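Inspection log for the structure reproduced underneath, given as structure tokens.
The values are calculated or read from the model by the stated rules, or taken from the named source; none is laboratory data. Everything numeric here is computed off the predicted structure, so don't read it as measured data. Methodologically, a virtual Cβ is constructed for each residue, glycine included, from the backbone with ideal geometry; neighbour enumeration extends over all protein chains shown.
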Amino acid sequence: MVTRGIGVEPRRTLPPLPRPEIPVSVSPTSIKPEPLGTPAPATPPATVKAEVQNLNFFYGTHQAVKNVSLRLLENHVTALIGPSGCGKTTLLRCFNRMHDLYPNTRYDGRIILNPGGINIVDRAVNPIEMRMRISMVFQKPNPFPKSIYENVAYGLRLRGLKSRSELEGRVEVALRGAALWDEVKDRLKKQAYDLSGGQQQRLCIARALAIEPEIVLFDEPTSALDPVATGKIEELMYELKSRLTIIIVTHNMQQAARVSDYTAFMYLGELVEVDQTAKIFQNPSKPLTEQYISGRFG
Amino acid sequence: MLDARAMIARGRRRDAAFNILGWACAVVVLSALAALLTNLCIQGLSRIDWQFLTSFPSRRPQQAGILSAWVGSILVILVTACTAIPLGVAAGIYLEEYARKNWFTTIIEINIVNLAGVPSIIYGLMALGLFVYQFHFGQSILSGGLTLAFLILPIVIVATREAMRAIPKHIREAAYALGATRLEVVRHHLLPYSAGGIGTGVIIGISRAIGETAPLVTIGALTFIAFLPPSPIVVDPALQIQPFKWIMSPFTVLPIQMFNWVSRPGEEFLKNAAAAGVVLMVVTLGLNAAAIVVRHRIRRRIKW
Ligand SMILES: Nc1ncnc2c1ncn2[C@@H]1O[C@H](COP(=O)(O)OP(=O)(O)OP(=O)(O)O)[C@@H](O)[C@H]1O
Ligand SMILES: [Mg+2]
């Protein structure tokens, strides 16, 4: 029985996961916490979770990200928008060093991750260490051909968690966090592929949440889903940001407006403008942004 | 205006013609195969009995049997499987997941595919030089098993690679994104998901190895063996454990035994050959059926 050892109430606070040793090397370029763009009034000053500094990225000789600088505030949602092929996915995948899986890719510049001030894209930094702290939800739902339970438990197993009751507890918390628990609690041992597309995507979110990441990267997470499933995932993001930091790539302007606190507009690999979402959508400072928002190109 | 109805009718006629042609080809091929099998069965089936399975070859055809042949076949294939599967799967994983893609690995890849087409007697020649003369393994089960292992290695490698390549990129990325190392991705995902494809390739390779004659004759497998390889455990006269002694024993295998009987004069020996042929066919077809079942099972279990 999977729910053994767990009360009716979801157990939200489990002891922290064992994390790999993170070398504390505060680089001289470390952060002075400063609000981004025009300072947000009234809210307590947010800390900078990650800071992209003059980042360039190359596929072979093709430069897909050009000199991008960007701050991600802790417990905020930052949306990346821009026309197809402008480098949103490429930028996103720099955060968890996904490009390392493929040959002939090159990073240049810095992405400083706090706390610790580690430069994520430094070749000397182990990408696995970064993926232990930053998880990702892909455009297409991509559960493993394993059971629902095993999908969520996998990241925990990778981190050396063996205790069955602890695994079960965390899987439940993650599935509740992804608003999927009630739909799957009676069939945790069933194949993940028997779920609907929207459920699969929430399963992937649960899988990404189970490891208690500091940042979650969403790459067009709802582009394959219907409006109801999309709504559920957007609600979820709103709840999640109290615990972590979110970056979301989206083609849907309304979605960006609904879920994000900050919006960054990219064009041809460059970051044109980043500001509070309301400002970007109502009164962008660059004409290019204005054109894109109003649907005059892209 | 084009007459749609006439066009559709013409299409239908062509479809029908092609259908008939296809059927005719299938019938010709299948009936040839059926005739071959029936012939083999008519000649050999009556000869298959307990005595035939438990007797050594003999000069008197009625007393002859295939005991040393099937034991030899099983032991040789055991050596083949124990070498070809780990080596082939490991090589496949290495080439697909670890090796950098450059001109050197490309050459290796092309050569592995080509190796699958090299005539088996060439492998026998290589094995004769390497295992028999160089390593002094003699004309033993070890030499025979290793020879066949080399023969089916390309099949196992190619099957492994194809099975791994069929796993979508986004599954790998999901595992890596959670912080898995390359070894963990291979062990937890790629191997389990490609097990069906690898298993199919292995079974097909082994069923090919069981029927091979030429390379084993080349390394000097004997055609007349009237004893079994030494058993790993001997109780008489004193308890003795010799787990690997059999591996250096001389051997014969089913197709060689069959070949030996075919080349002898006399109706009765031909009958024996046909009977051995039936046994060989049953084993090979059984293995191929197993391959189909394995593939089907795993396919149904794994979807993406
Ligand atoms: N694996 C790759 N190899 C070479 N070039 C690539 C690769 N992936 C993407 N690119 C190129 O990099 C640029 C940015 O691609 P990217 O996928 O980041 O765009 P995107 O903004 O996510 O687009 P979309 O909105 O269509 O997903 C494009 O010009 C694309 O052609
Ligand atoms: Mg994209």
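Quick one: would you say residue A:94 is under 15 Å from the mean Cα position of the chain (by Cα) and either aromatic (Phe, Trp, Tyr) or within 16 Å of ligand 2 (Cβ to nearest atom) (or both)?
Working: under 15 Å from the mean Cα position of the chain (by Cα): yes; either aromatic (Phe, Trp, Tyr) or within 16 Å of ligand 2 (Cβ to nearest atom) (or both): yes.
Taking the combined requirement at face value, the residue satisfies it.
Of all residues in the stretch A:74-83 being crowded, with 18+ Cβ neighbours inside 10 Å and away from ligand 1 (no atom under 16 Å from the Cβ), which is nearest to the other protein chains (Cβ to nearest Cβ)?
A:77
Determine, yes or no, whether residue A:148 is more than 16 Å from ligand 1 (Cβ to nearest atom) and under 25 Å from residue B:302 (Cα atoms). Break it down stepwise before answering.
Working: more than 16 Å from ligand 1 (Cβ to nearest atom): yes; under 25 Å from residue B:302 (Cα atoms): yes.
So residue A:148 passes the test.
Against the definition (away from ligand 2 (no atom under 16 Å from the Cβ), within 14 Å of chain B (Cβ to nearest Cβ) and modelled with pLDDT under 95), how does residue A:48 come out, yes or no?
no
Residue A:163 - would you say it is of a type in the set (S, T, N, Q), over 22 Å from residue A:218 (Cβ atoms) and more than 14 Å from chain B (Cβ to nearest Cβ)?
Answer is yes for this residue.
Taking only pairs six or more apart or across chains, which ones have beta-carbon atoms under 7 Å, a first residue in the stretch A:136-148 that is more than 7 Å from chain B (Cβ to nearest Cβ) and farther than 15 Å from residue A:249 by Cα, and a second residue that is more than 14 Å from ligand 1 (Cβ to nearest atom) and assigned to a strand (DSSP E or B)?
So the pair list comes out as A:147/A:191.
I'm told residue A:129 meets every condition in (1) within 10 Å of chain B (Cβ to nearest Cβ); (2) part of a loop (DSSP other than H, G, I, E, B); (3) more than 26 Å from residue A:195 (Cβ to Cβ) except one. Can you identify the failing condition by its number?
Going through the list (1) within 10 Å of chain B (Cβ to nearest Cβ); (2) part of a loop (DSSP other than H, G, I, E, B); (3) more than 26 Å from residue A:195 (Cβ to Cβ), residue A:129 breaks only (2).
For the stretch A:204-224, give me each residue that is within 16 Å of ligand 1 (Cβ to nearest atom) and more than 16 Å from residue A:245 (Cβ to Cβ).
Hits for the stretch A:204-224 are A:220, A:222, A:223, A:224.
Select from the stretch A:84-103 the residues that are of a type in the set (S, T, N, Q) and near ligand 1 (Cβ under 8 Å from one of its atoms) and write down the one among them that is modelled with the lowest pLDDT.
A:84
How many residues does the stretch A:107-165 hold that are touching a helix residue (DSSP H, G or I) at 6+ places or on another chain (Cβ under 7 Å) and within 16 Å of ligand 2 (Cβ to nearest atom)?
The total comes to 6.
One line per residue, one yes/no per condition, for (1) over 15 Å from residue B:276 (Cβ atoms); (2) at pLDDT 90 or above; (3) more than 21 Å from the chain's Cα centre (by Cα):
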| residue | (1), (2), (3) |
| --- | --- |
| B:35 | yes, yes, yes |
| B:41 | no, no, yes |
| B:45 | no, no, yes |
| B:54 | no, no, yes |
| B:84 | yes, yes, no |
| B:87 | yes, yes, no |
| B:93 | yes, yes, no |
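Would you mind finding the one in B:217, B:293 that is crowded, with 16+ Cβ neighbours inside 10 Å and β-branched (Val, Ile, Thr)?
That would be B:217, the only listed residue that is crowded, with 16+ Cβ neighbours inside 10 Å and β-branched (Val, Ile, Thr).
What number of residues within the stretch B:173-186 satisfy the criterion of being facing chain A (nearest Cβ under 8 Å) and surrounded by fewer than 21 Cβ atoms within 10 Å (Cβ to Cβ)? Write out each step before concluding.
Kept after step one, since they are facing chain A (nearest Cβ under 8 Å), are these residues of the stretch B:173-186: B:173-181, B:184.
Filter once more, keeping what is surrounded by fewer than 21 Cβ atoms within 10 Å (Cβ to Cβ): B:173, B:181, B:184.
Within the stretch B:173-186, residues that are facing chain A (nearest Cβ under 8 Å) and surrounded by fewer than 21 Cβ atoms within 10 Å (Cβ to Cβ) number 3.
For the stretch B:191-203, does any single residue satisfy the condition of being touching a Phe, Trp or Tyr at 6+ places or on another chain (Cβ under 7 Å) and buried (at least 20 other Cβ atoms within 10 Å of the Cβ)?
Among the residues of the stretch B:191-203, not one is touching a Phe, Trp or Tyr at 6+ places or on another chain (Cβ under 7 Å) and buried (at least 20 other Cβ atoms within 10 Å of the Cβ), which makes the answer no.
Do you know which of the residues in the stretch A:195-251 that are among the acidic types (Asp, Glu) and in contact with a strand residue (DSSP E or B) (Cβ under 6 Å, 6 or more places away or on another chain) is farthest from the other protein chains (Cβ to nearest Cβ)?
A:220
Using the structure shown, decide if residue A:69 is away from every other protein chain (no Cβ under 14 Å), in contact (Cβ under 8 Å) with a residue 40 or more places away in the chain, outside any strand (DSSP E or B) and not β-branched (Val, Ile, Thr).
Here the answer is no, as residue A:69 does not meet what is asked.
Condition test on residue B:284, is it closer than 14 Å to residue B:77 by Cβ and not in a loop (DSSP other than H, G, I, E, B)?
yes
Give me the pairs, please: first residue somewhere in the stretch A:90-118 and within 11 Å of chain B (Cβ to nearest Cβ) and on the phi > 0 side of the Ramachandran plot, second residue anywhere and near ligand 1 (Cβ under 10 Å from one of its atoms) and in a loop (DSSP other than H, G, I, E, B), beta-carbon distance under 8 Å, and either six or more positions apart or on two chains.
Qualifying pairs under 8 Å: A:104/A:60.
Hey, residue B:103 hits all of (1) loosely packed, with under 15 Cβ neighbours inside 10 Å; (2) of a type in the set (A, V, I, L, M, F, W, C); (3) at pLDDT 90 or above but one; which does it fall short on?
The number of the failed condition is (3).
Here's a check for you: in the stretch A:166-194, which residue that is closer than 23 Å to residue A:220 by Cβ and within 14 Å of chain B (Cβ to nearest Cβ) is nearest to the chain's Cα centre (by Cα)?
Going through the qualifying residues, I end up with A:174.
How about the stretch B:1-57: which of its residues are without any contact (Cβ under 8 Å) to a residue 24 or more places away in the chain and outside any helix (DSSP H, G or I)?
B:1, B:2, B:3, B:49, B:55 - these are the residues of the stretch B:1-57 that are without any contact (Cβ under 8 Å) to a residue 24 or more places away in the chain and outside any helix (DSSP H, G or I).
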